[in-house]
1. For LEU223, all conditions in the list (1) surrounded by fewer than 24 Cβ atoms within 10 Å (Cβ to Cβ); (2) of a type in the set (A, V, I, L, M); (3) touching a residue at least 40 places away in the same chain (Cβ under 8 Å) hold save one; what is the number of the exception?
2. Which numbered condition trips up LEU150, out of (1) more than 16 Å from the ligand (Cβ to nearest atom); (2) modelled with pLDDT of 95 or more?
3. Would you check if THR285 is within 16 Å of the ligand (Cβ to nearest atom), modelled with pLDDT of 95 or more and in the same structural domain as VAL99 (by TED's automatic domain parsing)?
4. Could you check region 93-135 and list, in sequence order, the residues that are of a type in the set (Lys, Arg) and in contact (Cβ under 8 Å) with a residue 40 or more places away in the chain?
5. So which residues in region 151-180 are part of a loop (DSSP other than H, G, I, E, B) and within 17 Å of ASP133 (Cβ to Cβ), if there are any at all?
6. Please indicate, with yes or no, whether at least one residue in region 286-297 is surrounded by fewer than 21 Cβ atoms within 10 Å (Cβ to Cβ) and part of a strand (DSSP E or B).
7. Please find, among GLY267, GLY326, the residue that is within 16 Å of the ligand (Cβ to nearest atom) and in contact (Cβ under 8 Å) with a residue 60 or more places away in the chain.
8. Is one or more of the residues making up region 87-105 outside any helix (DSSP H, G or I), touching a Phe, Trp or Tyr at 6+ places or on another chain (Cβ under 9 Å) and farther than 30 Å from ASP8 by Cβ?
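The values are calculated or read from the model by the stated rules, or taken from the named source; none is laboratory data. These figures come from a predicted structure and were not determined experimentally. Note that we place each Cβ from the backbone using ideal geometry, even for glycine, and neighbour counts take in every protein chain shown.
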Amino acid sequence: MNHEESRDLYGRALSVLPGGVNSPVRAVRPYPFFVERGEGAHVVDADGNRYVDYVMGYGPLLLGHDLPDPVWSAVQSHASAGPMYGAPTEVEVELAEFVARHVPSVEMVRFVNSGTEATVSAVRLARGYTGRDKVVVMQGGYHGAQESTLVEGDADHPQPSSKGIPATFAEHTLPVPFNDEQAAREVFEEHGEDIAGVLVEPYLGNKGIVAPVEGYHETLRTLCDDHGSLLVFDEVITGFRVGGLSCAQGKLGVTPDVTTFGKIIGGGFPVGAIGGRAEVMESFTPTGDVFQAGTFSGHPVTMAAGLETLRYAAENDVYDHVNELGEELREGLTDVVADQAPGYTVAGTDSVFKVIFTRDGSRSLDDQCSAGCQQRPDCPRYDHCPKNGADVAAGETDRWERLFWPAMKDEGVFLTANQFESQFLSYAHTEADVEETLEAYKRVL
Ligand SMILES: *Cc1c(COP(=O)(O)O)cnc(C)c1O
């Protein structure tokens with residue numbers, strides 16, 4: 001593969017963009033390919049190379065790169081009507097109605113412009129609603145680039161995970177390991193009266209993929225109820241991806257107090273949203289005293305793209321298609337891994353997948369989870385499959401990033417750039433793409 005054009009572009013980018021990129025995960029070594037255009041399930045780079053795309057914008061592109069006619073014409077008509085106004089429009093009401101109709105925990109929505117903005121606002125809402133300062137987060141969880149959640153360590157020793165965040169901010173954040181009910185109980189025993197909320201991805205999607213063990217979210221639900229804290233599901237990745245239109249909360253049957261959205265809900269345009277019960281949501285200004293505002297919030301072009309994407313998914317076989325392909329891909333990967341790298345773990349659900357380079361596995365694979373780790377206690381791999389972010393990070397992450405990712409790229413398969421981020425199927429992917437991808441895994445693993 002020739003990458004001269006991308007290399008030249010990266011040379012220019014390094015002079016004017018820190019690290020040559022606008023989001024650090026894109027700065028793959030030695031340099032990223034620059035995308036010229038998307039075509040269905042593929043991207044074409046500046047040198048004309050084509051890749052099957054499982055990055056899908058890091059999650060937003062449920063329908064792939066070619067927007068179906070109703071989505072495209074809604075985007076065009078809202079853009080040509082004048083891009084935005086600073087006054088309300090019908091389309092934001094329609095999208096809020098759609099979300100409230102389909103997502104179990106949601107009665108009201110506040111739209112913002114990124115997943116980060118959604119989690120910032122959700123944390124402020126939880127604090128304002130409860131009058132408490134502390135938030136529980138999962139070690140290895142990701143809630144965007146915000147001060148309250150860029151925190152590592154444990155509940156006794158929380159520290160900022162980035163420079164630029166005062167240690168005194170991190171003091172109010174209590175990190176616990178995902179899937180550890182005992183740790184959750186202990187943090188509530190010690191700090192229960194000060195905990196405004198628990199912020200959790202239903203599936204760890206940015207250091208994973210890690211599925212919840214049976215009963216974990218139910219335990220968080222009960223602890224929050226017993227202590228008057230809010231359970232906040234960060235569904236920025238899982239929303240309208242896992243569990244279809246009812247999201248991961250519908251699939252898991254656990255109803256949070258507040259949900260954050262992003263990615264798919266904007267149909268490929270910048271977006272975030274916070275949803276929940278009316279009584280909680282009305283704590284936001286102007287009805288309540290928790291300040292929240294945004295010039296671009298509820299942007300008509302984004303709202304139209306999100307609404308028509310979700311309507312399209314409701315009216316067509318989108319979720320059947322992506323989930324069946326996901327199942328097929330994870331089943332195929334389970335076979336390839338069993339043959340060639342039996343220590344590795346195939347993870348994911350619905351249209352999300354990842355092979356985690358875990359270091360050891362069980363001797364018998366009889367009756368293992370057949371299409372991605374579901375944390376089944378009677379699976380022979382159960383004691384070896386990752387339960388939390390630290391377990392994923394303990395795998396062969398350098399091998400994944402430095403050898404496996406570039407080799408897959410050379411095979412024409414575009415994966416997320418490191419071990420940790422989820423990969424996605426779209427409505428544009430086909431069985432032929434999946435078969436080609438499995439052949440590539442076979443050659444590279
Ligand atoms: C992507 C993501 C975010 C941040 O969203 P941005 O739009 O990148 O700010 C927050 N939470 C989760 C779970 C995410 O996957």
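1. (3)
2. Checking LEU150 against (1) more than 16 Å from the ligand (Cβ to nearest atom); (2) modelled with pLDDT of 95 or more, the one that fails is (1).
3. no
4. Answer for region 93-135, where residues must be of a type in the set (Lys, Arg) and in contact (Cβ under 8 Å) with a residue 40 or more places away in the chain: ARG110, ARG124, ARG127, ARG132, LYS134.
5. ALA155, ASP156, ILE165, PRO166, GLU171, HIS172
6. yes
7. GLY267
8. yes
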